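Accompanying notes for the structure given below.
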Amino acid sequence: MTGNPPTMLRSKLFLRLFALQVVIVAIFGAAIYFLSVPLIKKTIYDQEQTAGRTILDNVYELANRIHADLEDYRKGAIDARKRELKNVVSIAASYIRSVFAEVDKGALTRDQATARVAERLRSLRFGKDDYIWVVDYDSFSIAHPDPKVNGTDNSQLRDGRGELLIPPMVEIARRSGEGYRTYWWSRLGASDPSEKLAYFMDFPQLGWVIGTGVYMDDIDAEVVEKKMEAIERLRTSLREIRISKTGYVYIFDSGMNMFIHPNPNIEGKNVAGLENPTTGHPLVRDLVAVADTGDGLVYKWDKPSDPGNYSYDKISWVRHFKGFGWYLASSVYTEELQRGADVLGNRILAITAVVLVLATLLGYVFVGKLTAPIRRLSDTARRVRNGDLSAVSGIQRDDEIGVLSAAFDSMVEQLRENIDVLDIKVKERTHDLEKANEELKELDRMKSGFLSSVSHELRTPLTSVRGFAKLIAKDFEKVFAPRAQGDAKAEKTASRVQENLGIILAESDRLTRLIDDVLDIAKIESGRVAWNEETFRFGDLVQKAARAVEAVFSASPRVSFTVAIEEGLPETAADPDRLTQVIANLLSNAAKFTEEGEVELRAWRQADGLLRVDVRDSGPGIPAMEQERIFDKFHQVVRDDTLVDKPKGTGLGLAICKEIVEHYGGRIWVESEVGKGSTFSFVIPAKTKGTG
Amino acid sequence: MNKKILIVDDEPHIRSLIEQTLEYLEDEHGFEILSATNGEEGLATIRSEKPALVFLDVMMPLMNGYAVCRKVKEEPDLAGTIIVLLTAKGQEVDRQVGIEAGAHRYMTKPFDPDELLGLAKGILGLE
């Protein structure tokens with residue numbers, strides 16, 4: 001039903017519907033694309049940015065956790081040391097008590113016990129060369145491993161920062177029983193002071209304060225070690241982090257040292273001198289400026305694949321982690337953030353295109369199916385219009401198109417049947433007509449033959465009638481008329497006989513003319529005239545015709561006959577006898593109907609080149625009604641006051657004139673007014689050749 | 001010159017009319033008027049009588065005027081015979097045929113007796 005494509009594509013209906021369908025699908029596709037793609041692109045870009053920021057936030061959280069862990073660790077380590085210090089001091093106190101228990105037993109003196117305790121504690125070491133010290137309430141050192149300190153007054157002793165060292169501890173111990181304090185003190189054998197955490201306990205039985213301490217460096221060293229481990233773990237994790245395709249996270253400290261960066265060339269370097277090619281400022285300063293603002297810093301940077309060409313947009317988000325004094329930054333090429341959007345946009349475009357193509361193809365098929373029957377119907381209609389009545393659409397459907405097609409087919413069938421019937425009838429009629437025509441031709445031949453033989457048969461007796469009448473008239477005039485002279489009655493009779501003979505002669509003349517005219521017109525009408533064409537000067541012919549009838553006018557003195565022929569009339573080709581016959585006929589008619597007045601013959605060449613002859617008379621004129629029929633056969637103008645004493649016409653003269661003039665492609669007509677006269681005119685082409 | 005005039009016509013009235021018309025020549029100039037009623041008889045008479053002038057009708061039984069005319073012109077001793085064709089056929093074509101057949105003159109019926117007599121006088125040199 002879809003037909004072959006070229007046919008389909010020639011169908012205007014199909015093309016219009018299909019084009020409409022394509023336009024609609026294209027508009028929908030474009031609408032979907034242009035409404036969705038920019039939105040999707042923006043959303044995806046925003047999401048990518050958020051993802052970049054989120055990654056940075058996560059790293060920040062990671063750093064935060066590391067920091068918290070480290071703080072916890074440090075605190076735990078200090079607490080452990082504190083407990084350790086307390087234990088060590090408790091053990092020392094127990095030892096002191098046990099030694100002085102000997103004093104109570106009396107086994108030792110107080111000084112001996114003090115000396116033993118001092119000596120024992122001075123040699124005691126734990127931890128990392130840590131030791132115990134003992135002072136009395138006056139800050140006098142009872143036991144201290146440093147001989148410079150041992151046995152000295154420490155009431156004015158100050159730490160590495162110049163603060164009074166011992167008395168505050170004695171005071172706390174005596175007030176609270178125990179206490180902790182940090183201070184700056186040189187290690188044993190060292191000159192530079194280090195921060196030291198001390199524990200001290202009141203020993204009221206002896207009025208002593210027992211204390212010990214640990215250098216914080218030792219704890220911090222552990223923390224730093226832990227921190228380094230954490231940083232190494234962080235570095236490892238950060239290397240695995242990717243923002244979009246090649247985006248990464250890096251960390252620099254407030255000293256602008258890049259200590260975590262995926263690029264080993266930059267890692268560990270001081271980047272304070274790195275310049276932002278967009279602003280001309282140090283890049284790090286610009287990064288610090290946007291830290292924790294939520295905004296990214298957009299700048300131009302190069303690419304590993306295109307080093308040195310600082311023309312690629314890059315965006316960096318920065319957060320300041322105060323705990324470590326770090327600046328966490330993520331950096332990504334903006335085109336990578338857009339890449340997802342571009343990929344999706346392209347995918348939507350591709351899907352739209354595919355949908356467009358599919359919809360177009362479906363539309364092609366669908367519109368083709370829809371228009372196929374209409375097209376078929378219109379093809380059928382075209383064939384019918386071109387005369388192929390056997391064309392049938394043959395469409396059978398239960399819809400409106402089906403009804404239309406069926407109606408059309410049945411109409412064409414009806415038409416075909418009607419035409420068939422008509423054809424048969426036409427053939428029958430044609431046959432009849434041909435037969436009738438043959439019969440008419442036969443009749444015409446018979447008529448011509450009949451006329452010919454009738455005229456012959458008529459002429460012969462007419463010859464006798466006329467001839468004998470003439471002989472009788474002659475004999476009568478010669479022989480009988482002279483003899484009647486003197487006898488009145490005989491004279492009268494003779495005169496009447498001569499009159500009657502004249503009538504016989506006149507009537508036989510008329511009969512002769514009638515026969516001649518009848519024969520003439522019969523021959524012209526049946527096309528059997530031999531037109532003897534010659535080329536002659538038209539003026540000469542008119543002149544000759546005028547002379548031929550001059551005699552008629554000279555017999556009527558009351559009628560003046562004038563002839564006006566234009567000089568130098570051209571030649572024409574015609575049967576001169578026939579043309580003469582026309583002019584003579586018109587002139588003799590004029591003479592016949594004009595008893596008194598004038599008859600004028602004029603011949604000239606009209607502006608249009610036709611040769612014109614006018615025969616004007618001042619006769620009685622012809623009524624308008626008669627003018628129309630005057631060139632008909634056997635028509636004669638009937639008037640009471642005409643034709644008295646005049647030979648009657650045959651009623652064929654003007655009809656013959658008309659036949660002759662028209663034979664040469666001319667025209668003959670009359671203009672007349674009753675009481676004023678008539679003008680008979682004809683025109684013929686110059687130098688014409690009749691067909692004979 | 002053989003003073004004989006022959007009239008060939010199948011119509012007795014026409015023969016009679018021409019005879020009466022030519023009576024003058026018979027009376028005044030001693031011509032003998034002969035007549036025949038059809039073409040064959042006319043030809044036989046021309047051969048036997050050798051008339052100076054023949055009025056010959058065209059439409060006749062047995063042999064028409066043209067045929068008689070041609071026969072006469074074919075025979076050398078008859079070639080001098082002057083023939084005037086008489087016919088009801090007045091067309092130029094008929095006149096041509098007659099002249100070609102050897103006729104001297106051609107008269108159309110109905111003719112005027114005076115005209116016919118004048119023609120005969122003219123031909124016979126009697127004016």
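Key figures
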quantity: When residues of the range B:103-127 are limited to those that are charged (D, E, K, R) and buried (at least 18 other Cβ atoms within 10 Å of the Cβ), the one nearest to the other protein chains (Cβ to nearest Cβ); calculated: B:Lys109
quantity: Only listed residue being within 20 Å of A:Ile684 (Cβ to Cβ), within 14 Å of another protein chain (Cβ to nearest Cβ) and out of contact with any Cys (no Cβ under 6 Å at 6 or more places or on another chain), chosen from A:Asp575, A:Asp608, A:Asp614; calculated: A:Asp575
quantity: Matching residues, the range B:22-36, being crowded, with 18+ Cβ neighbours inside 10 Å and at pLDDT 90 or above; calculated: B:Leu22, B:Phe31, B:Ile33, B:Leu34, B:Ser35, B:Ala36
quantity: Yes/no for A:Arg445 being closer than 27 Å to B:Thr87 by Cβ and within 14 Å of another protein chain (Cβ to nearest Cβ); calculated: no
quantity: Residue among A:Leu652, A:Leu611, A:Leu586 that alone is modelled with pLDDT of 90 or more, surrounded by 17 or more Cβ atoms within 10 Å (Cβ to Cβ) and within 22 Å of A:Leu511 (Cα to Cα); calculated: A:Leu586
quantity: Selected residue (only one of A:Asn346, A:Asn309 is of a type outside the set (Ser, Thr, Tyr) and farther than 25 Å from A:Asn257 by Cα); calculated: A:Asn346
quantity: Pairs, first exposed (fewer than 13 other Cβ atoms within 10 Å of the Cβ) in the range A:258-276, second at pLDDT 85 or above, C-beta under 8 Å, six or more apart; calculated: A:Gly268/A:Asn257; A:Gly268/A:Met258; A:Gly273/A:Pro282
quantity: Residues satisfying the stated conditions in the range A:223-248, i.e. assigned to a loop (DSSP other than H, G, I, E, B) and either touching a His at 6+ places or on another chain (Cβ under 9 Å) or polar (S, T, N, Q) (or both); calculated: A:Ser244, A:Thr246
quantity: Members of the range A:249-264 found to be under 21 Å from A:Ser237 (Cβ atoms) and in a loop (DSSP other than H, G, I, E, B), listed by number; calculated: A:His261, A:Pro262, A:Asn263, A:Pro264
quantity: Top-ranked residue in the range A:461-488 [being facing chain B (nearest Cβ under 10 Å) and of a type in the set (D, E, K, R); ranked as nearest to B:Ile14 (Cα to Cα)]; calculated: A:Arg466
quantity: Verdict on A:Val644 being surrounded by fewer than 18 Cβ atoms within 10 Å (Cβ to Cβ) and at pLDDT below 90; calculated: yes
quantity: Sole exception among (1) buried (at least 18 other Cβ atoms within 10 Å of the Cβ); (2) farther than 22 Å from A:Asn263 by Cα for A:Thr293, by number; calculated: (1)
quantity: Selection count, the range B:1-40, where residues are within 14 Å of another protein chain (Cβ to nearest Cβ) and of a type in the set (Gly, Ala, Ser); calculated: 1
quantity: Conditions (1) at pLDDT 85 or above; (2) under 60 Å from the mean Cα position of the chain (by Cα); (3) buried (at least 21 other Cβ atoms within 10 Å of the Cβ): number failed by A:Thr236; calculated: (3)
quantity: Residue check, A:Leu458 within 12 Å of chain B (Cβ to nearest Cβ), surrounded by 12 or more Cβ atoms within 10 Å (Cβ to Cβ), touching a Pro at 6+ places or on another chain (Cβ under 8 Å) and not β-branched (Val, Ile, Thr); calculated: no
quantity: From A:Val497, A:Val426, A:Val465, residue being surrounded by 11 or more Cβ atoms within 10 Å (Cβ to Cβ), touching a Ser or Thr at 6+ places or on another chain (Cβ under 6 Å) and among the β-branched types (Val, Ile, Thr); calculated: A:Val465
quantity: Filter result (surrounded by fewer than 20 Cβ atoms within 10 Å (Cβ to Cβ), hydroxyl-bearing (Ser, Thr, Tyr) and outside any loop (DSSP other than H, G, I, E, B)) within the range A:184-214; calculated: A:Ser186, A:Ser194
quantity: Every residue from the range B:78-98 that is within 14 Å of another protein chain (Cβ to nearest Cβ) and in a helix (DSSP H, G or I); calculated: B:Glu92, B:Val93, B:Asp94, B:Arg95, B:Gln96, B:Val97
quantity: Failed condition for B:Asp77, given (1) surrounded by fewer than 18 Cβ atoms within 10 Å (Cβ to Cβ); (2) within 12 Å of the chain's Cα centre (by Cα); (3) of a type outside the set (Gly, Ala, Ser); calculated: (2)
quantity: A:Glu491 more than 60 Å from the chain's Cα centre (by Cα), within 14 Å of another protein chain (Cβ to nearest Cβ), surrounded by fewer than 17 Cβ atoms within 10 Å (Cβ to Cβ) and farther than 30 Å from A:Asp520 by Cβ; calculated: no
quantity: Selected residue (only one of A:Asp398, A:Asp420 is part of a loop (DSSP other than H, G, I, E, B) and either within 13 Å of chain B (Cβ to nearest Cβ) or acidic (Asp, Glu) (or both)); calculated: A:Asp398
quantity: Qualifying residue in the range A:57-67 (condition: among the hydroxyl-bearing types (Ser, Thr, Tyr), surrounded by 17 or more Cβ atoms within 10 Å (Cβ to Cβ) and not in a helix (DSSP H, G or I)); calculated: no
quantity: Odd one out for A:Val355 among (1) in contact (Cβ under 8 Å) with a residue 60 or more places away in the chain; (2) buried (at least 17 other Cβ atoms within 10 Å of the Cβ); calculated: (2)
quantity: Matching entry among A:Arg513, A:Arg547, A:Arg528, A:Arg496 (being within 14 Å of chain B (Cβ to nearest Cβ), basic (Lys, Arg) and assigned to a helix (DSSP H, G or I)); calculated: A:Arg513
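Condition check ((1) assigned to a helix (DSSP H, G or I); (2) β-branched (Val, Ile, Thr); (3) under 60 Å from the mean Cα position of the chain (by Cα)) across all residues:
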| residue | (1), (2), (3) |
| --- | --- |
| A:Ser560 | no, no, no |
| A:Thr572 | no, yes, no |
| A:Ala590 | yes, no, no |
| A:Glu598 | no, no, no |
| A:Leu601 | no, no, no |
| A:Asp608 | no, no, no |
| A:Val613 | no, yes, no |
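The values are calculated or read from the model by the stated rules, or taken from the named source; none is laboratory data. What you are looking at is a predicted structure, and each value in this text was computed from that prediction instead of being measured. Glycine also receives a Cβ, built like all others from the backbone with ideal geometry; neighbour counts cover every protein chain displayed.
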